[in-house]
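Asker: Submitted below is the structure of interest, expressed as structure tokens.
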Amino acid sequence: MKKCKRFTAALLVLVMGAALFTGCRGGADNQTAETKNDGSYTLQVGHVVTADHSYHLGLQKFAELLDEKTDGKVKVEIFPAGQLGNEADLIEGLTMGTIDMALCNSGNLASFTDSYTAFDLPFLFRDSAHAHAVLDGEIGQAALASLDNVGIKGLANWENGFFCTWNNKRPIEKPEDMAGLKIRANNNPIHIAAYSALGVSAITMGWSEVYTAIQNGTVDGVSVSIPSMYTANIQEVAPYISTSSEFYVTVILMMSRSRFDSLPADIQTALTEAAEEATEYQREVNQQQTDEYIQALKDDGFTVTEIDKAAFREACWDTVYDQYAAQIGEDTIQSILNDY
């Protein structure tokens with residue numbers, strides 16, 4: 001199927017322009033940072049999606065900014081498509097100090113920390129602006145800082161975006177359409193609870209397994225962000241496309257705390273500043289991709305359905321809220337709902 005030519009051309013320019021600052025190798029012989037005798041550093045960062053995704057482009061922007069801020073002392077090597085492992089592997093590697101940096105969605109942090117649990121509630125955020133206001137505010141920054149407790153330095157809250165369900169069985173417009181579907185989900189208790197309330201069988205697996213799992217019938221579909229699905233060609237095996245937006249998921253740029261602490265203070269400052277400054281760029285690219293990919297799907301003849309979000313929220317909110325309000329804190333939930 002054809003891709004969006006206009007956006008692809010822009011991506012090629014970005015990728016070529018960033019080649020001086022980043023590397024994408026087929027594997028990593030040494031997954032920890034290299035410190036050279038001349039006082040320069042090479043940091044390796046992994047993610048699980050393709051090199052044309054906003055994750056990768058955001059990391060290229062981060063690498064460019066870091067290069068500028070350190071006068072070339074710090075180089076970043078980017079490993080896409082799970083080359084350093086799936087997200088659970090990456091997060092575990094950060095906690096153990098065997099991986100320098102990773103960009104992972106908050107849904108996969110549930111096994112390591114509950115600092116992002118509040119953001120996992122279904123249909124919590126009204127729109128992206130609401131989500132950004134919370135993540136950039138006191139609650140979001142406290143969640144980022146709390147990663148210190150598990151040996152991770154949280155650098156910035158970037159954006160995965162709103163999760164939407166694509167499947168190979170039927171269009172999804174109302175809650176009843178979800179019943180009986182087998183949907184790949186993150187290994188996240190709140191996501192799984194929400195799907196259960198909608199009558200969905202949630203099956204957890206690594207992102208790299210999803211396309212084949214839909215092909216062979218292990219699952220009927222998947223719910224992740226539109227850019228992630230489109231760049232992985234999920235529409236080829238799950239042609240019933242919705243913009244359901246059941247979850248908003250932040251993606252966190254993280255670093256091994258031990259590795260961060262080993263660096264000079266000026267490098268630490270540059271890392272933090274570069275991550276923060278690249279945040280807006282990554283979010284803008286992610287939204288641009290979302291809009292252009294939806295249009296590209298329509299141009300390719302796919303029907304993209306919109307759901308009755310109020311009906312979906314009503315179908316799962318009370319069940320999930322009752323299960324997790326005490327753990328998250330009712331005041332925290334209300335603060336998020338009232339923000340922005």
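Asker: Work through the residues other than Lys153 whose Cβ is under 11 Å from its Cβ and net out their charges, Lys, Arg +1 and Asp, Glu -1.
Answerer: Taking every Cβ under 11 Å from that of Lys153, the sum is -1.
Asker: Counting only other residues whose beta carbon sits under 12 Å from that of Arg170, what net charge do I get with K and R as +1, D and E as -1?
Answerer: Net local charge, Arg170 excluded: -2.
Asker: Of the heavy-atom accessible surface of the chain (probe 1.4 angstrom), what whole percent is carbon and sulfur?
Answerer: The C+S portion of the solvent-accessible surface of the chain is 47 percent.
Asker: Sum up the charges of everything whose Cβ sits under 12 Å from the Cβ of Gly206, counting Lys and Arg as +1 and Asp and Glu as -1, but leave Gly206 out.
Answerer: Neighbourhood net charge equals -2.
Asker: Please label the shape of the stretch 297-340 as rounded, prolate or oblate, based on the square roots a ≥ b ≥ c of the eigenvalues of the alpha-carbon gyration tensor (a/c under 1.5 means rounded; beyond that, a/b larger than b/c means prolate, else oblate).
Answerer: Prolate.
Asker: In addition: Hey, what angle do you get for helix 54-69 against the long axis of the chain, alpha-carbon based, 0 to 90 degrees rounded to 10?
Answerer: In the chain, helix 54-69 runs at an angle near 20 degrees to the longest axis.
Asker: I need the phi-derived Karplus couplings for the stretch 125-137: 6.51 cos²θ - 1.76 cosθ + 1.60, θ = phi - 60°, integer Hz, Gly and Pro marked x.
Answerer: Along the stretch 125-137, the couplings run 9, 6, 6, 5, 4, 4, 4, 5, 4, 6, 5, 8, x Hz.
Asker: What does the helix-only formula give at 222 nm for the chain: each DSSP H stretch with n ≥ 4 adding -39500 (n - 2.57), the total divided by the residues, and the result rounded to the nearest 500 deg cm²/dmol?
Answerer: Taken over the chain, the calculation gives -13500 deg cm²/dmol.
Asker: Rolling a 1.4 Å sphere over the protein heavy atoms, what is the accessible area per residue of the chain, to the nearest Å²?
Answerer: It amounts to 41 Å² per residue over the chain.
Asker: While we're here: Compute the helix-to-body angle for 309-328: its Cα long axis versus the longest principal axis of the chain, expressed 0 to 90° and rounded to tens.
Answerer: 60
Asker: Show the residues, 5+ positions off or on another chain, whose built amide H is closer than 5 Å to the amide H of Phe162.
Answerer: Val249
Asker: Among 169-175, 234-240, what's the highest-first ranking by average C-beta atoms within 10 angstrom per residue?
Answerer: My ranking of the peptides, most packed first, is 234-240, 169-175.
The values are calculated or read from the model by the stated rules, or taken from the named source; none is laboratory data. Every value quoted in this text rests on a predicted model; they were computed, and no experiment measured them. All Cβ positions, even for glycine, are placed from backbone atoms using ideal geometry, and neighbour counts span all protein chains on display. Accessible surface is based on the protein model in full, side chains and every heavy atom, while ligands, DNA and RNA are left aside. Shrake-Rupley method; radii C 1.70, N 1.55, O 1.52, S 1.80 Å.
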